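Have a look at the structure below before the remarks.
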Amino acid sequence: MPANLTQQYLKAEAEYRRATSLEDELRLLQLMLRELPKHKGTDKLQADLKQKISRVKRESESASEKRTRLRIPRQGAGRVVLIGGPNAGKSQLIRSMTRAEPEVAPYPFTTREATPAMMPFDDVMVQLIDTPPIAHDLFDAHVQALIRGADLVLWLIDIGTDDGIDAARELQEKLNTTKTRLANESYLDETDVGRTYTKTVVVLNKIDDAEADDRYKMLKEFCEYDFREYRTSATTGEGIEELRETIYRALDVVRVYTKQPSNREADMEKPFTVRRGETLINVAELIHKDLVENFKSARIWGSEVHPGTIVKGDYVVHDKDIVEIHT
Ligand SMILES: Nc1nc2c(ncn2[C@@H]2O[C@H](COP(=O)(O)OP(=O)(O)OP(=O)(O)O)[C@@H](O)[C@H]2O)c(=O)[nH]1
Ligand SMILES: [Mg+2]
């Protein structure tokens, strides 16, 4: 018996074959099932569709489980995400700035999953996240989410090989197809809901290569951007200290040390960090939620006040303030 498939069915089927996400596959399979004329001649097709639908549902469930598992908790004074084309040196840079030892290899696509590491700067720690490469056919949804939630993006460009220049352009084109964008400062686009811009600096890596200067000129011809640029060699260590300081400064945080009312000395080992312009209450939130509820006043020792000045919760903290909170 002929199936007499409708135009709507055939259209949905054609779209299904081109679908690139599980969500689209599911939606189109369900549409096909609805559009399918129900009679003896389509029994087998109906069964096939139902089977495919349950398979796609199972797959998308496990994909979302995986995403949840991959969620990386925020730690330290800020979150910095390293992105770049394949082989740019992201993992090597993480190795030279932290104690982590991600796999580094002379071939592309070595890093498969986003992985956090902690970078020390003075007496604070900053979270750096290594990511899988971005290429014309590859931009992990998890990496997109990480960029959107980052305080700073380091965009690594490989000026040690000609491929690095092509890869930089590919990354830029790929990003332009998404609602995730890079900019000099972070902000939300008010005219396009959901589009976010994340503060970014460019890291020109592999400056130890003999032809790095020529490649930089080539890069400027092929790739337009106005981010601040830093030059590094992740293998020799050149430029790394400057980059470390740049990262810390870009986060624009202040350090606050706490002192217990019963102790003479403050704990100068481990500061709390808040964004510049934030108040004592924001500091209290980091220490303990009870402290916020029961907050009465605080005494401050620091560069901007007389020693031991008594203040309220709306006091804007300064770098290296010592605070003694009273409840
Ligand atoms: N000469 C030179 N080689 C470098 C530098 N940084 C990284 N490399 C080399 O470049 C290759 C790739 O480094 P990775 O750190 O694995 O690159 P990646 O960006 O993490 O690569 P994927 O994980 O595949 O995206 C390795 O052979 C590194 O030793 C550098 O500054 N100079
Ligand atoms: Mg890597």
Item to complete: Please give the strands (runs of 3 or more DSSP E) falling wholly within region 210-327 in which 2 or more residues are among the hydroxyl-bearing types (Ser, Thr, Tyr) and over 30 Å from Gly89 (Cα atoms).
Response: 253-258
Worksheet item: For region 182-206, how many residues are surrounded by 13 or more Cβ atoms within 10 Å (Cβ to Cβ) and part of a strand (DSSP E or B)?
Response: 13
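Of all residues in region 63-112, count the ones that are of a type in the set (Val, Ile, Thr) and modelled with pLDDT of 95 or more.
We begin by selecting, within region 63-112, every residue of a type in the set (Val, Ile, Thr); these are 68, 72, 80-81, 83, 94, 98, 104, 110-111.
Imposing the further condition that a residue be modelled with pLDDT of 95 or more reduces the set to 80-81, 83, 94, 98, 104.
Of the residues in region 63-112, 6 are of a type in the set (Val, Ile, Thr) and modelled with pLDDT of 95 or more.
Just name the residue that is nearest to the chain's Cα centre (by Cα) out of those in region 113-141 that are over 22 Å from Thr161 (Cα atoms) and part of a loop (DSSP other than H, G, I, E, B).
In the first step, residues of region 113-141 are kept if they are over 22 Å from Thr161 (Cα atoms); the result is 113-129, 140-141.
Next, only the ones that are part of a loop (DSSP other than H, G, I, E, B) stay: 113-114, 122-123, 140.
Numbers: Glu113: 12, Ala114: 9, Asp122: 23, Asp123: 23, Asp140: 11 Å.
Of everything passing the filter in region 113-141, Ala114 is nearest to the chain's Cα centre (by Cα).
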Worksheet item: Within region 115-146, restricting attention to residues that are within 11 Å of ligand 2 (Cβ to nearest atom) and surrounded by 19 or more Cβ atoms within 10 Å (Cβ to Cβ), which residue is nearest to Arg249 (Cα to Cα)?
Response: Asp130
Worksheet entry | Those residues of region 85-110 which are assigned to a helix (DSSP H, G or I) and among the aliphatic types (A, V, I, L, M), in sequence order | Leu93, Ile94, Met97
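A quick yes/no check of all residues on (1) of a type in the set (A, V, I, L, M); (2) within 21 Å of Val124 (Cβ to Cβ):
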site	(1), (2)
Glu241	no, yes
Ala250	yes, yes
Val254	yes, yes
Ala266	yes, yes
Glu269	no, yes
Leu280	yes, yes
Ser297	no, no
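The values are calculated or read from the model by the stated rules, or taken from the named source; none is laboratory data. Just so it is clear, the structure is predicted and the values come from calculations on it, not from any experiment. Every residue, glycine among them, receives a Cβ derived from its backbone with ideal geometry; neighbour counts consider all protein chains shown.
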